[in-house]
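Working notes for the structure below.
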Amino acid sequence: MRLSNLPSLGLAFILFNALPSHAHKHQLLRGGQLPIPEAPSTEKLVGTNWQLKEIGGVPAIPDSQELFFKTETELSGNDGCNGFRGEWGTVENGQDSHNSDRPSITIDILATNRRMCRLTAEADEQKSNFMSALHQEAISFSLSADETALTLYHTHDGNDVPIVLSRIATPVQPHERLIGTDWVATGIVYPGSQELRPVLEDHPVTLSFSKDQINGSTGTNQFFGDIPKMTSMEFQVTNIGQTLMGWEEDVDPRRFQENAWMNILTTVNDETENPPEVVTLPYTLFDERIGDTDEWTKVLVLGSFQAPLARFVPLKDGMLDEWGKPIKQIESPLPHENPLNGHELQGPPVIKDLYFNTFQLAGSNWRASNIRGALLRSDTDVTMFFKSKTSVEGSGGCNQFDASWDKLGTLIQINGTEQPLILEHMRVEDLVPTKRYCDGIMAQVENYFFRGLTQESLFYEFDGEELTLWDAVMGENGRKTRGMFIGRFNNVPVPSWGGQSLVGMTGEEANAVIEDINPSLQVQIIPAGWSTTADYRLDRVRIRLGEDGNVNREPHRG
């Protein structure tokens, strides 16, 4: 080798060692090696929840857009007005032609709510930019070193606009609502019976949930077990055990109560002589008014509404001692000098049936958010469309239905100085569903919904935004009153008015159609270019006209 070639050979060696070596994920430098930062894995996104912080360096409006990577494939979020859900996945290397240095994902928005929102121009622009980024064919992203900031890159006119999101707490999922809760039973079904029997007064049955275990008291002994699986409508129990405190007599009521409760936990759905290793318990959570008061309580029902196994209410602090026994409350011997905040004690609530116009359902459309305590996804199609004063149609989530309906009157419950409770009494008859086969959870939800509609009568309550249906039961005074919760519904735009579209009609023609369906509605005809107030009222319909003086969009309440 000629010596004159050594300097150039040495320079080539130095340059070669300065080049990156991605195969070994290190960068070779003279005198040592430095690791090359690895691109973040999409696996780190699973189970994380994010809130928009800024777009292109401009701070976002607080508490607006959110993005939750629920599972490896499921995603949900909020666009600043409506919630949405969809699917997401990883883009293979090379599919993102714009920037192959960063990992990329795809997002497919499958469903979104349709709530009408009145956003400022700034908020609407932010919403549009955020959703435009999510609708890209491939979205490159990066994570901060501490994994508290996620940056999505919106490719626009050949440039990458960074959309920065801050990590926030993961939202509570429907199946996690029981975790960390404590309950005390009000009734249990005994073997051979189908009715709830009251729990022994001085021997309460309690039930507590942790993430993967249950424990509590049978009224005499302590019990415990594992929860291998929990969903929003059922949970499984296994490895049930208990302490073994006994009784002197075989006919002790405490023995019967304990046997009934342990039977629910160990053999309730067993059809053989040998107890199953795992027992599946359906459950429902709902809110229930306490008597004739304005106070409400959570209720947990094991089993179904048609065939309950046990009924629980929250176990409050101070109800039981450390041994699980009730703490007796000692009444004060002193008289109440100022009952009811200075008002005289009132007698039983005065109940009147009044036939007058309050909130009228005709010409309104509703989508369920909760049926018998089961929370429904935003895309679940459980609906009621009151086409006219006598006709209603909709969906149970699987099958469509047509029916007739009639308002029976108004029930006002007055209790002392509290705000009167106003309930509308109604009846749904001649319900005819389609005959599509359904199974799984939606079949159960549909069954609950249709059974609630087709009972002898029911009550509905309107609070200004939501419609709530209740069973109608016979009260102690021999008159119908509100019973158990059926479902809660949100208002959505009507698909038509009386089976016809009003688009293209004159304002007066459309007004006449609406008034014929529901004369109680306040109808406003809004010419093109006119502005309106931003308040939201479901007793009002605005008919908006185009430049030609005809209706240019389907009117709806709001």
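Summary table below
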| quantity | calculated |
| --- | --- |
| Number of positions in region 429-458 that are out of contact with any Cys (no Cβ under 8 Å at 6 or more places or on another chain) and within 25 Å of Tyr283 (Cβ to Cβ) | 15 |
| Hits in region 121-135 (condition: in a helix (DSSP H, G or I) and either touching a residue at least 24 places away in the same chain (Cβ under 8 Å) or under 24 Å from Ser41 (Cα atoms) (or both)) | Glu122, Ala123, Gln126, Lys127, Asn129, Phe130, Met131, Ser132, Ala133, Leu134 |
| Region 479-495, residues that are outside any strand (DSSP E or B) and either crowded, with 19+ Cβ neighbours inside 10 Å or without any contact (Cβ under 8 Å) to a residue 60 or more places away in the chain (or both) | Val494 |
| Residue check for Gln522: over 19 Å from the mean Cα position of the chain (by Cα), of a type in the set (S, T, N, Q) and open to solvent by 30 Å² or more (accessible area, probe 1.4 Å) | yes |
| Given (1) open to solvent by less than 90 Å² (accessible area, probe 1.4 Å); (2) part of a loop (DSSP other than H, G, I, E, B); (3) modelled with pLDDT of 75 or more, index of the condition Pro275 fails | (3) |
| Count of region 234-250 residues which are open to solvent by 50 Å² or more (accessible area, probe 1.4 Å) and either part of a strand (DSSP E or B) or among the hydroxyl-bearing types (Ser, Thr, Tyr) (or both) | 4 |
| Candidates Leu150, Leu178, filtered to the one that is touching a residue at least 40 places away in the same chain (Cβ under 8 Å), out of contact with any Ser or Thr (no Cβ under 8 Å at 6 or more places or on another chain) and surrounded by 14 or more Cβ atoms within 10 Å (Cβ to Cβ) | Leu178 |
| Candidate set: region 221-270, residues that are out of contact with any strand residue (DSSP E or B) (no Cβ under 7 Å at 6 or more places or on another chain) and closer than 15 Å to Leu178 by Cα; chosen: the one modelled with the lowest pLDDT | Thr231 |
| Residue count for region 421-475, restricted to those that are β-branched (Val, Ile, Thr) and assigned to a helix (DSSP H, G or I) | 2 |
| Candidate set from region 181-215 (those that are within 14 Å of Val313 (Cα to Cα) and among the small types (Gly, Ala, Ser)); member that is nearest to the chain's Cα centre (by Cα) | Ser208 |
| Any strands (runs of 3 or more DSSP E) falling wholly within region 136-188 and containing at least 2 residues that are small (Gly, Ala, Ser) | 139-143 |
| Residue match in region 502-517 (condition: at pLDDT 85 or above and under 32 Å from the mean Cα position of the chain (by Cα)) | no |
| Scope region 114-135; condition open to solvent by 30 Å² or more (accessible area, probe 1.4 Å) and among the polar types (S, T, N, Q); matching residues | Thr120, Ser128, Asn129, Ser132 |
| Evaluation of Asp202 against (1) among the charged types (D, E, K, R); (2) in contact with a strand residue (DSSP E or B) (Cβ under 7 Å, 6 or more places away or on another chain); (3) not in a loop (DSSP other than H, G, I, E, B) (one fails), failing number | (3) |
| Boolean, Leu285 is open to solvent by 40 Å² or more (accessible area, probe 1.4 Å) and either modelled with pLDDT of 80 or more or in contact with a helix residue (DSSP H, G or I) (Cβ under 6 Å, 6 or more places away or on another chain) (or both) | no |
| Selection count where residues are within 18 Å of Val278 (Cα to Cα) and open to solvent by 40 Å² or more (accessible area, probe 1.4 Å), scope region 199-214 | 4 |
| Hits in region 47-65 - residues which are open to solvent by less than 30 Å² (accessible area, probe 1.4 Å) and more than 18 Å from Phe141 (Cα to Cα) | Ala60, Ser64 |
| Filter pass, Asp548 being within 31 Å of the chain's Cα centre (by Cα), surrounded by fewer than 20 Cβ atoms within 10 Å (Cβ to Cβ) and more than 19 Å from Lys389 (Cα to Cα) | no |
| Qualifying positions in region 181-192 - open to solvent by 50 Å² or more (accessible area, probe 1.4 Å) and hydroxyl-bearing (Ser, Thr, Tyr) | Thr186 |
| Leading residue by the ranking (modelled with the lowest pLDDT) among those in region 154-167 that are in contact with a His (Cβ under 9 Å, 6 or more places away or on another chain) and open to solvent by 40 Å² or more (accessible area, probe 1.4 Å) | Gly158 |
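The values are calculated or read from the model by the stated rules, or taken from the named source; none is laboratory data. These numbers come from a predicted model, not from an experiment. As a convention, Cβ positions derive from the backbone with ideal geometry for all residues, glycine included, and neighbour counts pool all protein chains shown. Quick note on the areas: whole protein, heavy atoms, side chains included, nothing else; ligands and nucleic acids left out. Shrake-Rupley method; radii C 1.70, N 1.55, O 1.52, S 1.80 Å.
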